[in-house]
1. Please name all residue pairs, on different chains or six or more residues apart, with Cβ atoms under 6 Å, provided the first residue is in region 158-175 and is without any contact (Cβ under 8 Å) to a residue 60 or more places away in the chain and closer than 18 Å to residue 123 by Cβ and the second residue is hydroxyl-bearing (Ser, Thr, Tyr) and surrounded by 11 or more Cβ atoms within 10 Å (Cβ to Cβ).
2. Between 57, 50, which is within 16 Å of the chain's Cα centre (by Cα) and modelled with pLDDT of 90 or more?
3. I need the full set of residues from region 144-165 which are modelled with pLDDT of 95 or more, open to solvent by 50 Å² or more (accessible area, probe 1.4 Å) and β-branched (Val, Ile, Thr), in order please.
4. Hey, can you tell me all the residues within region 18-54 that are open to solvent by less than 50 Å² (accessible area, probe 1.4 Å), farther than 17 Å from residue 116 by Cα, touching a residue at least 12 places away in the same chain (Cβ under 8 Å) and not in a strand (DSSP E or B)?
5. For region 99-143, how many residues meet the condition of being open to solvent by less than 30 Å² (accessible area, probe 1.4 Å), touching a Ser or Thr at 6+ places or on another chain (Cβ under 7 Å) and farther than 22 Å from residue 172 by Cβ?
Amino acid sequence: RAKPDDPATAREYAGLGSGHELGVFSGHSSNASAVAFGPDGRFAVSVAWDATVRAWDVESRLCVSVLEGHTNNLSAVCLTPSGRQVVSAGVDRDIKLWDLKARRVLRQFAGHEAEVTALAFTPDGRHLVSAARDKTVRVWEVASGKCERVLSHTAAVLAVALTPGGSGLLSAVAD
């Protein structure tokens with residue numbers, strides 16, 4: 001059973017107003033660092049400093065899949081709009097697109113020169129946006145794995161967000 005202050009867990013909370021804890025997702029062997037819900041809310045994914053991606057059944061809070069293949073701490077996770085694939089990244093600079101059902105890497109995106117800190121898909125799932133401590137945001141075509149655009153910043157990029165239509169981008173920079 002997870003301890004209340006165990007950093008290797010993810011927690012689910014009830015409505016934002018109540019803040020009541022519904023349960024704990026235990027399984028990572030090191031600090032959990034990023035989480036995301038699937039599109040229907042019935043499953044979730046998490047990444048941790050143990051270099052694993054875990055998929056969770058939200059109702060039972062059981063880990064239903066463990067994806068291994070990274071070589072260092074993970075710091076970012078994002079699901080495709082369909083929820084059938086997950087993308088993960090972190091200190092090893094590798095961005096991996098995984099098939100959740102087959103539990104295998106479908107594609108890798110290479111180009112960042114430092115830790116990848118954030119990931120986001122466009123609503124149509126055709127493009128992936130990544131941010132990194134190398135002071136760049138990259139826009140990737142998912143089908144080919146090619147980097148279509150590099151946006152340079154003056155400091156490490158810590159977060160990215162897309163407008164609901166996917167035509168606009170915000171980035172948070174540590175400057």
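1. Pairs that qualify, where the first residue is without any contact (Cβ under 8 Å) to a residue 60 or more places away in the chain and closer than 18 Å to residue 123 by Cβ and the partner is hydroxyl-bearing (Ser, Thr, Tyr) and surrounded by 11 or more Cβ atoms within 10 Å (Cβ to Cβ), are 160/171; 166/122.
2. Values: 57 fails: within 16 Å of the chain's Cα centre (by Cα).
When all the criteria are applied, what remains is 50.
3. If the condition is that a residue be modelled with pLDDT of 95 or more, open to solvent by 50 Å² or more (accessible area, probe 1.4 Å) and β-branched (Val, Ile, Thr), then 150, 154 are the ones that fit.
4. The answer is 27, 28, 30, 38, 41.
5. 2
The values are calculated or read from the model by the stated rules, or taken from the named source; none is laboratory data. Keep in mind that this is a model prediction, so the values were computed, not measured. With ideal geometry, Cβ positions are generated from the backbone for all residues, glycine too; neighbour counts draw on all protein chains shown. Accessible surface areas use protein heavy atoms only, side chains included; no ligands, DNA or RNA. Shrake-Rupley method; radii C 1.70, N 1.55, O 1.52, S 1.80 Å.
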